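The values are calculated or read from the model by the stated rules, or taken from the named source; none is laboratory data. Since the model is a prediction, treat every value here as computed from it, not as a measurement. Ideal geometry is used to build each Cβ from the backbone, glycine not excepted, and the neighbour counts take in all protein chains shown. With ligands, DNA and RNA removed, areas are computed over all heavy atoms of the protein, side chains included. Shrake-Rupley method; radii C 1.70, N 1.55, O 1.52, S 1.80 Å.
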Amino acid sequence: MTRRDARPLLFVVCLLPLAWLVYGVLADRLGANPIEAITQATGLWTLRLLVLGLLMTPLRRLFGWQWPLRLRRMLGLFAFFYASLHLLTYLWLDQFFDWGEIGRDLLKRPFITLGMTAWLLLVPLAMTSTRGMMRRLGRHWKALHRLVYLVAPLGALHFLLLVKADWREPLLYLLLTAGLLMLRLPRVAARRPLRG
Ligand code: HEM
């Protein structure tokens, strides 16, 4: 793993949820409510990819591996990709681009407000993910990309607010996100010096 580049493999793996959804639509295998199934799958994959992205730096710290850092950008971009599909499903298939209704939803349903905030915060990250932008923004790039520390908990909170009965899954994502962010606190990070 250290010598081989895992990115082509990750690229294919990240496309599998989309392939599964396309197959589900074409083969009519998404159940009684396909729109709900698409919303749920794209929302969950956004959150999983955000959490995986946050895991990369602690993995490097704990084990001294270099490869996790090289995967971060692709994980982030795929998170944005699935978040945008998730948003599009809501705007198009759920609300039929009824902007009045969407505006009311944004004001009245806190989970929609949080989801939209999380997506909006992902936009500048995706737009500045290229090496060129990294060079141009210099030290500001790193500061800007710290926004991802807000996006993941907002996404998990969005999930927590929308569930009606079983809180276990969103709570698990919220705790995972909180744990991964706490590992970045200077005091905690200093306890485990960088290896390699
Ligand atoms: C980073 C951004 C986001 C993340 C991580 C995220 C994540 C999720 C997750 C995990 C679910 C629940 C899936 C399940 O039930 O198994 C969900 C559902 C949903 N999300 Fe998002 N979401 C995001 C942004 C948005 C945005 C921008 C909108 C719309 C403005 C939105 C609207 C919805 C809706 C309507 C549902 C379904 C609610 C229901 O089942 O009643 N989300 N999202």
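Modelled spin labels at W99 and E36, positioned 7 Å past Cα toward Cβ, are 3.1 nm from each other. Exposure check, 1.4 Å probe, all protein chains in place: I35 carries approximately 60 Å² of accessible surface. Solvent-accessible surface of protein heavy atoms, probed at 1.4 angstrom with all chains present, puts Y149, Y82 in the order Y149, Y82, largest first. Modelled label positions at L59 and A6, each set 7 Å beyond Cα in the direction of Cβ, lie 0.3 nm from each other. Solvent-accessible area per residue in the range 7-191 equals 61 Å², computed with a 1.4 angstrom probe and all protein chains kept. Per atom type, the range 72-196 shows carbon and sulfur on 69% of its accessible surface, probed at 1.4 Å. If you run the Gaussian network model on the chain, springs between alpha carbon atoms under 10 Å, then out of A79, A143, A118 the most flexible one is A143. Magnitude of the charge dipole for the range 1-110, about its Cα centre and with charges confined to Cβ atoms of Lys, Arg (+1) and Asp, Glu (-1), is about 880 debye.
Three semi-axes describe the equivalent ellipsoid of the range 7-191; taken as square roots of 5 times the Cα gyration tensor eigenvalues and ordered largest first, they are 29, 19, 18 Å.
Long hydrophobic helices in the chain, taken as whole DSSP H segments with a C-alpha length of 24 Å or more on their own axis and mean Kyte-Doolittle hydropathy at least 1.6: 7-26, 110-127.
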